[in-house]
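Engineer: What follows is a structure written as structure tokens; I'll ask about it next.
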Amino acid sequence: MRKKVVAGNWKMNLGFEEAEELIEELIDLLEKEDIKPDVIICPPYPYLEMASDYAQEARFKVGAQNICPFESGAYTGEVSASMLSSMEVTHCIIGHSERRKYFGEDDKMLTAKVNMALIHGITPIFCVGESLPERESEKHFEIVRRQVRHGLFHLDTNEFAKVIIAYEPVWAIGTGITASPAQAAEMHAYIRTLIVERYGEAPAEETIILYGGSCTSKNAAELFAQPGVDGGLVGGASLIADEFVAICKQA
Ligand code: PGA
């Protein structure tokens, strides 16, 4: 039985004090509610240690939004996997469409990031998803197939079992336009068939696949109820404590 997961991607938002306030509000709300899924918050790098300290006593885990593909050394501005794991960071978003688009992250780099995370015991939350023109030209399956294969299918079965996948159609991210529950279910099922082909039925059944893209407390229940949708990767709505917790409650 797959565990449900809700992860909050804070992106490049909030000052330090606002971040700490949000964490304190989350702790309060999560304590009061009967929350079933694993909850992960992914604040910006400078807040990870603070978030991790709080997480020791809280109902959430902490993820990073990025990771360096190299082990250590002369990589100015980068943060390594071993630094993250030394701060008890348990997860890392890899391959988000904003990283692919604005920072030119290609399949080769993403593969190296996935490997580095796994070496250091960090769970990759590996994002895939097509753009609007790609969906309109009915290339969405092809695009997602390529992203999943190139980013993850070099892993052996044991390593692959440690990965979470997030399907995030680019046209749904930050736009207020959500994929319909049927579109999400269809793509999640498709990703699972790719995993069956590569790793077999049992690993495919075990793989957690999240939906991301304009997920809110209004649409989460219906999305999370779809077969094969194991929770969400939430951007904007993860910056408001009661909204994020309301989403967590629906998983
Ligand atoms: P959104 O972002 O929920 O603000 O659309 C999701 C994401 O980019 O992970």
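Just so you know, all these numbers are worked out from the coordinates, no wet-lab data involved. Worth saying up front: this structure is predicted, and the values here are computed from it rather than measured. All Cβ positions, glycine included, derive from the backbone under ideal geometry; neighbour counts span all protein chains shown.
Engineer: Of the cross-linked pairs Lys36/Lys139; Lys101/Lys218; Lys36/Lys108; Lys36/Lys162, which ones have a Cα-Cα span greater than 30 Å in the structure shown?
Structural biologist: Details: Lys36/Lys139 35 Å; Lys101/Lys218 28 Å; Lys36/Lys108 36 Å; Lys36/Lys162 20 Å.
Going by Cα-Cα distance, Lys36/Lys139; Lys36/Lys108 fall outside the 30 Å limit.
Engineer: May I pose another question? Once amide H atoms are placed 1.01 Å from N in the peptide plane, what residues at a sequence separation of 5 or more from Cys92, or on another chain, have their amide H within under 5 Å of its amide H?
Structural biologist: Ala64, Thr123, Ile125
Engineer: Residues with beta-carbon under 14 Å from that of Arg2, excluding Arg2: net charge, scoring Lys, Arg +1 and Asp, Glu -1? Provide the component values of the computation, followed by the final result.
Structural biologist: On the way: positive: Lys3, Lys4, Lys36, Lys162, Arg192; negative: Asp38, Glu201, Glu205, Glu206, Asp230.
Neighbour charge sum, excluding Arg2 itself: 0.
Engineer: Once the cut-off is 23 Å, how many percent of the Cα-Cα pairs in the chain end up in the long-distance tail? Write down the numbers at each step before the final one.
Structural biologist: Numbers: 14535 of 31375 pairs.
Result: 46 percent of Cα pairs exceed 23 Å.
Engineer: Go through segment 73-80 residue by residue and turn each phi into a ³J(HN,Hα) via Karplus (6.51, -1.76, 1.60, θ = phi - 60°); whole Hz please, and just put x for glycine and proline.
Structural biologist: x, 7, 10, 3, x, 9, 10, 8
Engineer: Where does the charge balance sit around Glu197 when Lys and Arg score +1, Asp and Glu -1, over other residues with C-beta under 13 Å from its C-beta?
Structural biologist: Values: positive: Arg145, Arg149, Arg192, Arg198; negative: Glu201.
After counting each charged neighbour, the total is +3.
Engineer: Can you classify segment 12-66 as rounded, prolate or oblate using the Cα gyration tensor, where a ≥ b ≥ c are the square roots of its eigenvalues, rounded means a/c under 1.5, and otherwise it's prolate if a/b beats b/c and oblate if not?
Structural biologist: Numbers: a/c = 1.97, a/b = 1.50, b/c = 1.31.
Since a/c reaches 1.5 and a/b is larger than b/c, the shape of segment 12-66 is classed as prolate.
Engineer: Quick check: pseudo-label points 7 Å beyond the Cα along Cα→Cβ at Arg2 and Glu159, how many nm apart are they?
Structural biologist: 2.2 nm
Engineer: To continue, here is another question. At what distance in nm do the modelled label points of Met12 and Tyr102 sit from each other, each positioned 7 Å from its Cα along Cα→Cβ?
Structural biologist: The answer from the label model is 0.4 nm.
Engineer: Now a separate question. Sorting Phe224, Phe153 on the 10 Å Cβ count, fewest up front, what's the list? Walk me through the intermediate numbers first.
Structural biologist: Numbers: Phe224 22, Phe153 14.
Going from least to most buried by this count: Phe153, Phe224.
Engineer: Label point 7 Å out from Lys32 along Cα-to-Cβ: which residues of segment 205-235 have amide N under 20 Å?
Structural biologist: Backbone N within reach: 217-218.
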